[in-house]
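The values are calculated or read from the model by the stated rules, or taken from the named source; none is laboratory data. None of the values given here were measured: they were computed from a predicted structure. Ideal geometry is used to build each Cβ from the backbone, glycine not excepted, and the neighbour counts take in all protein chains shown.
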Amino acid sequence: MGEIFTNSFNAVINNAPVKESEVRENLEADDLIFYHSIRAELDLLKKRPKLQTIHYILDHSKSFR
Amino acid sequence: MDFQLRSDQDLIHLYITGDEAGLVELIRRYQSKIYTSIYLLVKDEYLAEDIFQDTFIKVINTLKAGKYNEEGKFLPWVTRIAHNLVIDHFRREKRAPMVSNGDDFDIFEVLGNYDESTEDRMVREQTHKDLKTLIQLLPSEQKEVLIMRHFGDLSFKEIADITDVSINTALGRMRYALNNLRKMMQSKEMSLKN
């Protein structure tokens, strides 16, 4: 009885279509622990563009007026 | 008017209707995420500045032309533009932006090369500089996902859309990236306790 149930259950699970939107956007626990351990270090790599670059972009925008 | 409290959509609407402050706030909000993502992929500050600038010029031209699809989110859209410009650059340069791009990537082969040239520097540099170096050693697909996830703050769904792969593939690449970083750090006996 148990075997029949398991076989039927596995058949349903294995053949069930998996929608991408239903895939859990999570990492395995080990990966998450490691990721969180390096997050602070990763944050130190953040950089910003030069002000000159921003000014050039804003000047380009103003040229549309 | 406190622009910092406005949604991206509000700021875009303000900008399209003539208020430059909407664009200023969008740039202020996302400049670091977008610039860092570009910089870590191209590894050159001047080139990153150029691509960042070109990215926002495309953004401005699209918004001003009324072609922006309001259903999409702003950051993934801008990241996609930046990503495409980075790819265009490497196509023009005809050079690969990474050590290895193949499925047969072996992290220990890379570590062998890495040992010879930079071992002494590894000892002296601060941990975050080491980590930056290790990120550059990842295969481009793995590096891309790590950068977009962490620095771009994108979901795996958004990363999958931008890189034209399934969510599972994007997720798998992130796992490989983390595993490879962990292996490299263990191999180098790097510590993140500081």
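Just to check your reading of the model, which residue among B:ILE159, B:ILE147, B:ILE135 is outside any loop (DSSP other than H, G, I, E, B), touching a Ser or Thr at 6+ places or on another chain (Cβ under 6 Å) and buried (at least 21 other Cβ atoms within 10 Å of the Cβ)? Only one candidate passes the filter, namely B:ILE147. When region B:27-60 is filtered for residues that are within 7 Å of chain A (Cβ to nearest Cβ), under 23 Å from B:SER155 (Cα atoms) and in contact with a Pro (Cβ under 8 Å, 6 or more places away or on another chain), the ones remaining, listed by number, are B:GLN31, B:TYR35, B:PHE52. Contact annotation: residue pairs with Cβ atoms under 6 Å, 6 or more positions apart or on different chains, pairing a residue in region B:159-173 that is more than 8 Å from chain A (Cβ to nearest Cβ) with a partner that is polar (S, T, N, Q) and part of a helix (DSSP H, G or I), are B:ARG173/B:GLN142.
Only residues that are hydroxyl-bearing (Ser, Thr, Tyr), loosely packed, with under 13 Cβ neighbours inside 10 Å and in a helix (DSSP H, G or I) were counted in region B:1-49, giving 1. Taking region B:60-95 as the range and being in a helix (DSSP H, G or I), without any contact (Cβ under 8 Å) to a residue 24 or more places away in the chain and more than 20 Å from B:GLU144 (Cβ to Cβ) as the test, the residues that pass are B:ASN61, B:THR62. Answer yes or no as to whether B:SER166 is among the polar types (S, T, N, Q) and modelled with pLDDT of 90 or more. Spelling it out, B:SER166 is indeed among the polar types (S, T, N, Q) and modelled with pLDDT of 90 or more.
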